[in-house]
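Report on the structure given below.
The values are calculated or read from the model by the stated rules, or taken from the named source; none is laboratory data. Source: prediction; values computed, not measured. Positions of Cβ are backbone-derived with ideal geometry, glycine not excepted, and every protein chain shown enters the neighbour counts. For the accessible areas, the whole protein counts, side chains as well, though only heavy atoms, and no ligand, DNA or RNA atoms are used. Shrake-Rupley method; radii C 1.70, N 1.55, O 1.52, S 1.80 Å.
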Amino acid sequence: MDEIKVSPDYNWFRSTVPLKRIIVDDDDSKVWSLYDAGPKSIRCPIIFLPPVSGTAEVFFQQVLALTGWGYRVISLQYPVYWNLMEFCDGFRKLLDHLQLDKVHLFGASLGGFLAQKFAECTHKSPRVHSLILCNSFSDTSIFNQTWTANSFWLMPAFLLKKIVLGNFAKGPVDPKMADAIDFMVDRLESLNQSELASRLTLNCQNSYVEPHKIKDVAVTIIDVFDQSALSLEAKEEMYKLYPNARRAHLKTGGNFPYLCRSAEVNLYIQIHLRQFHGTRYAAISPAMVSAEELQVHDSHLSSNQNSEGNQGDDI
């Protein structure tokens, strides 16, 4: 039974936050799907980018919690793009359409890589004010799939799904992590062949992040200490790339901590965004700041007491 799909929170999210579909390219088949919640007066919202297997729904717990504290949150799902420049161009057009000059980006796995590449691509006229990278990577060569990247478009959907499922956790996991995996499998099933093939192509075609181009962007890295699709070497590479980044570590959480450890992930997001309160890049309604800061302070205290060793270098 898919516990998340039948949960009151998920059903409340689906019934209260409308899914929007937006076309910004000349090609009408390229449709961005997104949930845009919270005060529209906020001009620098936080935008969530999903992993290969994800849709805009996978961040529903972040949308509900953060909008409850006065943030503007956008969770999106990308159209079919086959190369990084095409993606960056399409995403820039989407931000133009939404009349957003700068944004904060939260990216999970592939979403984090795309967030970094977009920040790099727009560095001469910056569109990204900060990055939160969750279980993400900076170089596609870690997957050892660069040689197959150009053939994903030929593969049938069932084979592509098998490739993605191969990175999901195996063996015993706690009930919340099991529910998160079930939900992500369901989301994976909703993707068609071209959506999956294009995402795997972006995930594996030979590319890496050039950190000197985004050195002025504030970064928080969220990762887990237990089993995930990322190797220790990939995580260490991220730390080297962003020596000044805040680090937020979760003892457990697997590949999808935003689903199964949402309270901790939401707290780390709030702590990251606090540094922009009171500036034109605040993602929160000014009227909600004092109440939200009190909540973060209390949550941080209880988190420190309950899970010593769970905190990162700066958080």
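The range 1-58 holds strands (runs of 3 or more DSSP E) entirely within its bounds, and those carrying 1 or more residues that are charged (D, E, K, R) map to 19-23, 31-37. The single condition among (1) over 14 Å from the mean Cα position of the chain (by Cα); (2) of a type in the set (V, I, T); (3) within 29 Å of L273 (Cβ to Cβ) that V103 does not meet is (1).
Consider D186 carefully, then state whether it is closer than 18 Å to I222 by Cα, touching an Asp or Glu at 6+ places or on another chain (Cβ under 9 Å) and surrounded by fewer than 18 Cβ atoms within 10 Å (Cβ to Cβ). Break it down into steps so the answer makes sense when it comes.
Values: closer than 18 Å to I222 by Cα: no; touching an Asp or Glu at 6+ places or on another chain (Cβ under 9 Å): yes; surrounded by fewer than 18 Cβ atoms within 10 Å (Cβ to Cβ): yes.
Spelling it out, it is not the case that D186 is closer than 18 Å to I222 by Cα, touching an Asp or Glu at 6+ places or on another chain (Cβ under 9 Å) and surrounded by fewer than 18 Cβ atoms within 10 Å (Cβ to Cβ).
Can you name every residue in the range 155-174 that is in a loop (DSSP other than H, G, I, E, B) and under 15 Å from R199 (Cα atoms)? Break it down stepwise before answering.
Narrowing the range 155-174 to residues in a loop (DSSP other than H, G, I, E, B): 155-156, 166-174.
Matches in the range 155-174: M155, P156, N167.
Restricting to the range 22-55, name every residue that is out of contact with any helix residue (DSSP H, G or I) (no Cβ under 8 Å at 6 or more places or on another chain) and either among the charged types (D, E, K, R) or closer than 24 Å to S136 by Cβ (or both).
First pass over the range 22-55, keeping only residues out of contact with any helix residue (DSSP H, G or I) (no Cβ under 8 Å at 6 or more places or on another chain): 23, 26-29, 31, 36, 39-45, 47.
D26, D27, D28, D36, K40, R43, C44, P45, I47 - these are the residues of the range 22-55 that are out of contact with any helix residue (DSSP H, G or I) (no Cβ under 8 Å at 6 or more places or on another chain) and either among the charged types (D, E, K, R) or closer than 24 Å to S136 by Cβ (or both).
Within the range 159-174, residues that are under 15 Å from S228 (Cβ atoms) sit with their Cβ atoms under 7 Å from residues that are modelled with pLDDT under 85 and among the small types (G, A, S), at 6+ positions apart or across chains, in these pairs: N167/A229.
So that you can scan it fast, the table gives a plain yes or no per residue for (1) crowded, with 20+ Cβ neighbours inside 10 Å; (2) under 11 Å from the mean Cα position of the chain (by Cα); (3) without any contact (Cβ under 8 Å) to a residue 40 or more places away in the chain:
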{"site": "I42", "(1), (2), (3)": "no, no, no"}
{"site": "G54", "(1), (2), (3)": "yes, yes, no"}
{"site": "F59", "(1), (2), (3)": "yes, yes, no"}
{"site": "L66", "(1), (2), (3)": "yes, no, no"}
{"site": "R72", "(1), (2), (3)": "yes, no, no"}
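The range 205-291 holds helices (runs of 4 or more DSSP H) entirely within its bounds, and those carrying 1 or more residues that are open to solvent by 30 Å² or more (accessible area, probe 1.4 Å) and without any contact (Cβ under 8 Å) to a residue 40 or more places away in the chain map to 232-241, 262-274. The single condition from (1) part of a helix (DSSP H, G or I); (2) touching a residue at least 40 places away in the same chain (Cβ under 8 Å); (3) open to solvent by 20 Å² or more (accessible area, probe 1.4 Å); (4) more than 29 Å from V6 (Cα to Cα) that F152 fails is (3).
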